[in-house]
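The values are calculated or read from the model by the stated rules, or taken from the named source; none is laboratory data. Note that the structure is a prediction, hence the values are computed from the model and not measured. Every residue, glycine as well, gets a Cβ built from its backbone with ideal geometry; the counts of neighbours run over all protein chains shown. Accessible surface is based on the protein model in full, side chains and every heavy atom, while ligands, DNA and RNA are left aside. Shrake-Rupley method; radii C 1.70, N 1.55, O 1.52, S 1.80 Å.
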Amino acid sequence: MYHSLLFFHSITRWLLLMGLIYTIYTAYKGYTKKAHFTRIDNAFRHWTATVAHIQLVLGILLYFKSPIISYFWKHFLEAKEHLDLLFFGLIHIIMMFLAVIIITIGSALAKRKKTDQDQFKTIFIWFLIALLLILMAIPWPFSPLANRPYFR
């Protein structure tokens, strides 16, 4: 089960990143060009938030099934000294959880805005902040904290 969760968590990461980047791009373009907020814009807002929630659920399940996390909590005093273990034990989950909260708040606020410009602006700001947090918290192959391959 652990390897299946890891695979789906890895694949969903790319779906979320693509959704966030596209939604941020269209929000920026819509805001700067004073475009109308269409049903497609709203669908991308909604589905990006939905994929973020799916990714969070997969991540939480993975967190409780992971042998790395199990080791981290059983040997906390020793493990917190290792960046790789500390990253997955605390940093990754906290930053990702915050990013999903930010996406959720941004999506909910944008849905309630009255003007198209306010909807685009809200999505752009909140989703961009979440994207930056996510990019910092992903264990990229080049990361000094913890590195993993692009696909697992």
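Exactly one residue out of F37, F88, F44, F72 is outside any helix (DSSP H, G or I) and surrounded by 15 or more Cβ atoms within 10 Å (Cβ to Cβ): that is F37. Looking only at segment 35-59, residues that are under 24 Å from L5 (Cα atoms) and touching a residue at least 24 places away in the same chain (Cβ under 8 Å) come to 12 in all. Considering (1) within 18 Å of the chain's Cα centre (by Cα); (2) open to solvent by 80 Å² or more (accessible area, probe 1.4 Å), the lone condition that I103 does not fulfil carries the number (2).
Whenever a residue of segment 64-83 is of a type in the set (F, W, Y), its partners that are open to solvent by less than 90 Å² (accessible area, probe 1.4 Å), lying with C-beta atoms within less than 6 angstrom and at least six residues away or across chains, give the pairs F72/A79; F72/L85; F72/G89. The residues on offer are F151, F120, and the sole one that is open to solvent by 20 Å² or more (accessible area, probe 1.4 Å), under 25 Å from F44 (Cα atoms) and over 13 Å from the mean Cα position of the chain (by Cα) is F151. Can you find, within segment 47-69, the residue that is least open to solvent (accessible area, probe 1.4 Å) among those that are of a type in the set (V, I, T) and at pLDDT below 95? Within segment 47-69, the match that is least open to solvent (accessible area, probe 1.4 Å) is I69. Within segment 15-34, the residues that satisfy the criterion of being in contact (Cβ under 8 Å) with a residue 60 or more places away in the chain and either basic (K, R) or open to solvent by 60 Å² or more (accessible area, probe 1.4 Å) (or both) are I21, Y28, Y31, K34. Restricting I129, I94 to those that are open to solvent by 70 Å² or more (accessible area, probe 1.4 Å), at pLDDT 95 or above, closer than 30 Å to K33 by Cβ and part of a helix (DSSP H, G or I) reduces the list to I129.
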